[in-house]
Amino acid sequence: MPNVTDQCFIDRRGHGQERRSQDINYKRRAYDRRTKTFLYERTIHLGDTNLFGSVYFARYFDFQGEAREEFLKYFMGNDLPAFMAQKFGIVTVEARCQYFQPLFVYDQVVIRLQVPVIKRTKFKLSFDIQRKPKQTCAHAEQWIGFTNQLGKPIPIPSIVLENLKKHLCSSS
């Protein structure tokens, strides 16, 4: 009889999967279903800081961008290849950041991202940038819109809207 660890698991579609595979989906823990909050963790590095050792103010917008890109990959799920093949642009219509506390090199940071508003042509992302454990250092917001190949604003594409609606939270 073969060793159990040498056997494959069969999923619902009948596809075999090597049990000892290193391909583990860690993104399952990156989303809080109860509050509909996407969580993006990162460490502050020397390149993020200024001469005084605190995070340079423009880097907060870079952190928002990193979290936004990871959220895009997460919420589009299996539709990501079809989404990437589309010929529309994604634009940041508006961005703002309110600072409460400084961040320093090697701080562990969690960026909590929510979608509080979806309109016809744009949607709002809300970010809380927190030093672990739950010390809010900044709150930020972005409005994201879409353009056609000519750069003209268009309604949110249906492939995006259907996936985005699942993450709409009730509070901002």
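Can you tell me the FRET efficiency between Asn50 and Thr147 if r is taken as the Cβ-Cβ distance and R0 is 35 Å, rounded to the nearest 0.05? Walk me through the numbers before you get to the answer.
Values: r = 34 Å, r/R0 = 0.97.
Plugging the Cβ-Cβ distance into 1/(1 + (r/R0)^6) gives 0.55.
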Return the distance in nm (one decimal) between the two label points of a simple spin-label model at Thr43 and Thr92, each offset 7 Å from Cα along Cα→Cβ.
2.5 nm
Would you calculate the separation in nanometres between label points at Glu162 and Arg120, each defined as 7 Å from the Cα along the Cα-to-beta-carbon direction?
2.2 nm
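If each residue of separation counts as 0.36 nm, what is the full-extension length gain between Glu69 and Ala82 once their alpha-carbon separation is subtracted?
Values: separation 13, 0.36 × 13 = 4.68 nm, distance 1.62 nm.
Full extension of this stretch gives 3.1 nm more.
Using a 1.4 Å probe on the protein chains only, how many percent of the accessible area of the stretch 70-159 belongs to carbon and sulfur?
Its accessible area is 53 percent carbon and sulfur atoms.
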Averaged per residue, what accessible area in Å² does the stretch 75-169 show with a 1.4 Å probe, protein chains only?
54 Å²
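The values are calculated or read from the model by the stated rules, or taken from the named source; none is laboratory data. Not measured: the values here are computed from a predicted model. Note that each Cβ is placed from the backbone with ideal geometry, even for glycine, and that neighbours are counted across all protein chains shown. Note: areas computed on protein heavy atoms with side chains; ligands, DNA, RNA excluded. Shrake-Rupley method; radii C 1.70, N 1.55, O 1.52, S 1.80 Å.
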